[in-house]
1. Those residues that are more than 10 Å from ligand 1 (Cβ to nearest atom) and either of a type outside the set (D, E) or in contact (Cβ under 8 Å) with a residue 12 or more places away in the chain (or both), I need them from region 66-83; list them, please.
2. Looking at G120, G108, which is the one that is on the phi > 0 side of the Ramachandran plot and among the small types (G, A, S)?
3. In region 137-178, how many are in contact with a Pro (Cβ under 8 Å, 6 or more places away or on another chain) and part of a loop (DSSP other than H, G, I, E, B)?
4. Which one of the conditions (1) within 13 Å of ligand 1 (Cβ to nearest atom); (2) assigned to a helix (DSSP H, G or I) does T102 fail to meet, given that it meets all the rest?
5. If L43 satisfies all but one of (1) at pLDDT 95 or above; (2) within 16 Å of F168 (Cβ to Cβ); (3) more than 14 Å from ligand 1 (Cβ to nearest atom), what's the number of the condition it fails?
6. In region 295-310, is there at least one residue being in a helix (DSSP H, G or I), surrounded by 22 or more Cβ atoms within 10 Å (Cβ to Cβ) and over 15 Å from the mean Cα position of the chain (by Cα)?
7. Are any residues in region 34-47 of a type outside the set (K, R) and in contact with a helix residue (DSSP H, G or I) (Cβ under 8 Å, 6 or more places away or on another chain), and if so, which ones?
8. Looking at region 146-183, which of its residues are over 13 Å from the mean Cα position of the chain (by Cα), buried (at least 24 other Cβ atoms within 10 Å of the Cβ) and β-branched (V, I, T)?
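The values are calculated or read from the model by the stated rules, or taken from the named source; none is laboratory data. Source: prediction; values computed, not measured. Don't worry about glycine lacking a Cβ; one is built from the backbone with ideal geometry, like all the others, and counts go over all protein chains shown.
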Amino acid sequence: MSLKNLNQLTFGKSMITDDIELCVDALTRGDLVAFPTETVFGLGARADSPAAVSKIFELKGRPVDHPLIMHCANIDVALAISPHIPEYAKKLAAEFWPGPMTLIFKRGVNDAICNEAVGGQDSVAIRVPSNEIARKLLEPCSFFVAAPSANKYGRLSPTTSEHVQEEFGDELIILDGEQSIFGLESTIISCIGELPEILRSGAITRKEIQNCLGVEVLESEKQTEIAVSGNKESHYAPKIPLFIVSDDENIAEFLEYESSECAYIGPRQTALDFKTKLVVSTYETYAHELYDFFHKAQNENCKAIFAVPPELEGIGVAICDRLKKASSLWEKSNG
Ligand code: TXA
Ligand code: MG
């Protein structure tokens, strides 16, 4: 067996590999590669190739006007993506990159990013990840890597290579890595206006951004005019019903569910007997484990998930945002 084969774990035809060179080669020739980041796993393609980028939209089933995030390893290269970079954005980049933050700029004329990658928008989103393996993948690439989360459109983001494999089966090269440290998608900040605006909450909190810039920063709850899939009401959804609840009494009101057939996640203990249960001691653990817990509850055929939300502070804001979007399908059907 060659060394390359030894480095690959094959399940059926799909491949989880730790061979960075093989993944760089695949990206270079226009193939897709899923890779780990500190937020969630991404589904990458070279951003200068319409053919490569179209494979992402096809595999995800994502509408073609939903723009992707461009990834690169180097902060100076990231900031050269657009001629329209406000001073506050440079401060944010210096403070939080590499890390779980995406900045959106007005787009300049630039062959490095094809129109398809930005869904035809006149803006571009960019992120410099901190995950070591992501950086090793991106460093040798002479192009930006466009990458949404490596899940089918509207479904749960993956935080392990196994989640990606479950979602896409034998269609994909997956670069292996440990479970995503933060576990929630990056904080997205629009840097198009005179002041920054948070479009998606994440591990970099509003308070941290305000402390860095010394100004009040808006957290946008509104739909921007730009197609932002993470803003759609029902997003990040598990395949089984998810309900946001306050306590055991509240759970007992869901008469159609036996707790012993259901899953529970929350910051407080529960006296009920659940099939799958996770009591999280910190909000960081809550974020880190949330999607993996949803995946587990699904795979264990739980009938429903009950989640007690964290307080709206720090990364709790992002957790509540994802819980709200992931549960919106079910809230409706329950009136
Ligand atoms: O943590 C993350 O951001 C992960 C990892 C892989 O980097 N990526 C991720 O990508 O979450 P995705 O495509 O699942 O979510 C990116 C969000 C989408 O809602 C997209 O519409 C929005 O960013 N977006 C991308 N480019 C944009 C732009 N130019 N203007 C406004 N929104 C944009
Ligand atoms: Mg996504």
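1. First pass over region 66-83, keeping only residues more than 10 Å from ligand 1 (Cβ to nearest atom): 72-83.
Once the filter is applied, which keeps residues that are more than 10 Å from ligand 1 (Cβ to nearest atom) and either of a type outside the set (D, E) or in contact (Cβ under 8 Å) with a residue 12 or more places away in the chain (or both), region 66-83 yields C72, A73, N74, I75, V77, A78, L79, A80, I81, S82, P83.
2. Details: G108 fails: on the phi > 0 side of the Ramachandran plot.
Exactly one residue qualifies, and that residue is G120.
3. 7
4. Failed condition: (2).
5. (3) is the only condition that L43 fails.
6. The answer is yes; a qualifying residue exists.
7. At the first step, the residues of region 34-47 found to be of a type outside the set (K, R) are 34-45, 47.
Scanning region 34-47 gives A34, F35, P36, T37, E38, V40, F41, G42, L43, G44, A45, A47.
8. Within region 146-183, just I174 meets the criteria.
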